[in-house]
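Since the structure comes first, as C-alpha cells, the remarks are kept for the end.
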Amino acid sequence: MRLRIKRLDLGSAGFKRSVQRLAPEIRLQLQQALKDLKKDPQPGRLKLEKLQGYKKPSIYTIHFTGNSSHKLSFELKGDV
C-alpha cells in the first residue's frame, strides 16, 4: 500500500520554536525533506521509520540530514 500525504500541519508553536533554533543549513535541509515527504511519503533517503510502542497515535520519524544527526518525529492521522 502506498502512503499519500494530503496535508502537513506545521503550525504548532513548539514546532516553530524548534525550527527557529536550528542552524540555517539544517533548517534548509528540513524544508527540503518536508517537500520531499509530501511528494513521496516513503522516500528511501529519508529513512521513514515507525516507532515501536506507539499504537495510537502512530509515530514516525525521518532522518532529514545526510549524516542522520537530526530527525523529525511526526504523527500520521487517518488510514496508514
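The values are calculated or read from the model by the stated rules, or taken from the named source; none is laboratory data. Keep in mind the model is a prediction, meaning the values are calculated, not measured. Neighbour counts are summed over all protein chains in view; Cβ atoms, including those assigned to glycine, are modelled from backbone coordinates with ideal geometry. We work out accessible area using only protein heavy atoms, side chains counted, and drop any ligands, DNA or RNA first. Shrake-Rupley method; radii C 1.70, N 1.55, O 1.52, S 1.80 Å.
Which residue pairs have Cβ atoms under 9 Å apart, sit 6 or more places apart or on different chains, and have a first residue in the stretch 25-38 that is assigned to a helix (DSSP H, G or I) and a second that is open to solvent by 100 Å² or more (accessible area, probe 1.4 Å)?
Arg27/Gln20; Ala33/Arg45; Asp36/Arg45; Lys38/Arg7
When you look at Ala33, is it surrounded by 14 or more Cβ atoms within 10 Å (Cβ to Cβ) and among the small types (Gly, Ala, Ser), yes or no?
Yes, satisfied.
Go through the stretch 1-24 and report how many residues are open to solvent by 70 Å² or more (accessible area, probe 1.4 Å) and part of a helix (DSSP H, G or I).
Residues in the stretch 1-24 being open to solvent by 70 Å² or more (accessible area, probe 1.4 Å) and part of a helix (DSSP H, G or I): 5 in total.
Does the stretch 48-63 contain at least one residue that is in a loop (DSSP other than H, G, I, E, B), in contact with a Lys or Arg (Cβ under 8 Å, 6 or more places away or on another chain) and open to solvent by less than 40 Å² (accessible area, probe 1.4 Å)?
no
Mind listing just one residue for me: the one in the stretch 64-78 that is exposed (fewer than 12 other Cβ atoms within 10 Å of the Cβ) and not basic (Lys, Arg) and, of those, modelled with the lowest pLDDT?
Top of the filtered list is Gly78.
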